[in-house]
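Chemist: I am attaching a structure below and will ask some questions about it afterwards.
The values are calculated or read from the model by the stated rules, or taken from the named source; none is laboratory data. Since this is a predicted model, take the numbers as computed values, not measurements. A quick note on method: Cβ atoms are made from the backbone with ideal geometry, for glycine too, and the neighbour counts reach across all protein chains shown.
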Amino acid sequence: MLGILDRHSRNEGRSGGQYYEYEFAVDLDLVANVVSDFEGLALPRQVVELTESIE
């Protein structure tokens, strides 16, 4: 999975804490097509809706 996701470290201070945000480093449509080939793996509803709106 190297190269598919970009990870960004976030630090919101004491009250917000430290966490990571992830985003796709490649086109979301490409990821959806590859993942749809995996049996038994369901995409989140928001991803399905987003890829359908792009088409």
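Chemist: Could you look through region 35-48, keep only residues that are exposed (fewer than 11 other Cβ atoms within 10 Å of the Cβ) and in a helix (DSSP H, G or I), and pick out the one that is farthest from the chain's Cα centre (by Cα)?
Modeler: Arg45
Chemist: It is to be established whether one or more residues within region 7-19 are touching a Leu at 6+ places or on another chain (Cβ under 9 Å) and either surrounded by fewer than 10 Cβ atoms within 10 Å (Cβ to Cβ) or not basic (Lys, Arg) (or both).
Modeler: no
Chemist: Starting from residues that are hydrophobic (A, V, I, L, M, F, W, C) and modelled with pLDDT under 75, keep the ones in region 43-55 and report whichever is farthest from Gly3 (Cα to Cα).
Modeler: The selected residue is Ile54.
Chemist: Note down all Cβ pairs under 7 Å where the first residue falls in region 15-30 and is within 16 Å of Gly3 (Cα to Cα), the second is polar (S, T, N, Q), and they're at least six residues apart or on different chains.
Modeler: From region 15-30, the pairs are Leu28/Thr51; Asp29/Thr51.
Chemist: Right, here's the next one. Among the residues of region 7-28, write down those that are of a type in the set (D, E, K, R), part of a loop (DSSP other than H, G, I, E, B) and farther than 22 Å from Glu52 by Cα.
Modeler: The answer is Glu12, and nothing else.
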